[in-house]
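Data block below; observations after.
The values are calculated or read from the model by the stated rules, or taken from the named source; none is laboratory data. The shown structure was predicted, so the numbers you read here are calculated from the model rather than taken from an experiment. For neighbour counting, all protein chains shown are included, and Cβ atoms are generated from backbone atoms with ideal geometry for every residue, glycine included.
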Amino acid sequence: MLHIVNHAAFDSAAVDRLLSRIGAGHTLMLMENGVYMVKSGSTAAGRLERALADLTVCALAPDLAARGIMPAEVMTGVTLLDYEGFVDLTVDNAVIHSWR
Amino acid sequence: MMGPTGKKFLFVMQRAPHGSCNAQEALDLLLTTAAFEQAVSVLLLDDGVFLIKKGQQPDRIDSKDIAAVFLALELYDVPRVMVEWESLQERGLDPKDLLLPVETIPRCRIGALMARHDRVVNG
């Protein structure tokens, strides 16, 4: 299953709430302002890194670039996708939820 | 009930009832989906749990009675209303504070619950 998040959350409760609701083996796709969460050193990135054992984390590369986050600034373990890769992800996953 | 070609739909509602049309629009879509004999379930998360709090008097602020629609869901074969346990707890609520019997789901099971449906719809 694919979970899409297009807004950033940095307070620990919000990030934990999101991660708890994502099932093991699922994929989290961060896009638009959601990509700020994978900036290394952020509170969100710390929590996402610890969750990598259970889920796959992807981020939309054009959205990172647009926000000035260079690949070197992205936490390790994140799969960077272009639009085509994102489309593939939506095709490969039958169930998709966009989180508010 | 699920028709022969029916899919399982899960409507996820995360926002409080008054102050926006989100809930009304989601319920309209939900009832339409149910009318086409698709299996429909509802999951209330975060402020969405307030949608079915007992004792609401929406007429006091000239607002629509969203809770009444939930009470009518059984007529449309929407038997399953689920609520995240933690969302209730965080808001000082208990299942007995709600208008109808619900199934409580722990936060750690939400992802698995969604994955068991064919479509997840934002409400």
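A few notes on this one:
- For the residues B:Ala23, B:Ala34, B:Ala68, the requirement of being away from chain A (no Cβ under 14 Å), of a type in the set (A, V, I, L, M, F, W, C) and in contact (Cβ under 8 Å) with a residue 24 or more places away in the chain singles out B:Ala34.
- Of the residues making up region A:88-97, not a single one is under 29 Å from B:Lys8 (Cα atoms), crowded, with 20+ Cβ neighbours inside 10 Å and in contact with a Ser or Thr (Cβ under 6 Å, 6 or more places away or on another chain).
- Within region B:110-121, considering residues that are more than 17 Å from B:Ala34 (Cβ to Cβ) and facing chain A (nearest Cβ under 8 Å), the one surrounded by the fewest Cβ atoms within 10 Å (Cβ to Cβ): B:Ala112
- Residues that are of a type in the set (A, V, I, L, M, F, W, C) and at pLDDT 95 or above, drawn from region B:82-98: B:Met82, B:Val83, B:Trp85, B:Leu88, B:Leu98
- Close pairs from region A:18-46: first at negative phi, partner of a type in the set (S, T, N, Q) and part of a helix (DSSP H, G or I), Cβ under 8 Å, at least 6 apart: A:Thr43/A:Ser12
- Selection within region B:1-15 - at pLDDT below 90 and either under 15 Å from B:Val78 (Cβ atoms) or buried (at least 18 other Cβ atoms within 10 Å of the Cβ) (or both): B:Met1, B:Met2, B:Gly3, B:Gly6
- Looking only at region A:1-47, residues that are polar (S, T, N, Q) and within 14 Å of another protein chain (Cβ to nearest Cβ) come to 3 in all.
- Just so you know, in region A:68-86 the residues that are over 15 Å from the mean Cα position of the chain (by Cα) and not acidic (Asp, Glu) include one that is surrounded by the fewest Cβ atoms within 10 Å (Cβ to Cβ), and it is A:Ala72.
- Residues that are in contact with a strand residue (DSSP E or B) (Cβ under 8 Å, 6 or more places away or on another chain) and in a helix (DSSP H, G or I), drawn from region A:33-53: A:Gly34, A:Val35, A:Met37, A:Val38, A:Ala45, A:Leu48, A:Ala51
- Taken over region A:74-100, the criterion of being touching a strand residue (DSSP E or B) at 6+ places or on another chain (Cβ under 9 Å) and among the charged types (D, E, K, R) is satisfied by A:Asp82, A:Asp88, A:Asp92, A:Arg100.
- Scanning region B:39-51 for residues that are touching an Asp or Glu at 6+ places or on another chain (Cβ under 9 Å) and either among the acidic types (Asp, Glu) or buried (at least 21 other Cβ atoms within 10 Å of the Cβ) (or both) yields a total of 7.
- Hey, B:Asp77 under 14 Å from the mean Cα position of the chain (by Cα), within 14 Å of another protein chain (Cβ to nearest Cβ) and surrounded by fewer than 22 Cβ atoms within 10 Å (Cβ to Cβ) or not: no
- Hits in region B:52-65 (condition: surrounded by 15 or more Cβ atoms within 10 Å (Cβ to Cβ) and either within 14 Å of another protein chain (Cβ to nearest Cβ) or touching a Leu at 6+ places or on another chain (Cβ under 6 Å) (or both)): B:Ile52
- Selection from region B:96-108 of residues that are surrounded by 15 or more Cβ atoms within 10 Å (Cβ to Cβ) and closer than 25 Å to B:Ala34 by Cα: B:Leu98, B:Leu99, B:Val102, B:Thr104, B:Ile105
- Residue ranges of strands (runs of 3 or more DSSP E) in region A:54-100 with at least 3 members without any contact (Cβ under 8 Å) to a residue 60 or more places away in the chain, more than 14 Å from every other protein chain (Cβ to nearest Cβ) and of a type outside the set (Val, Ile, Thr): A:56-60
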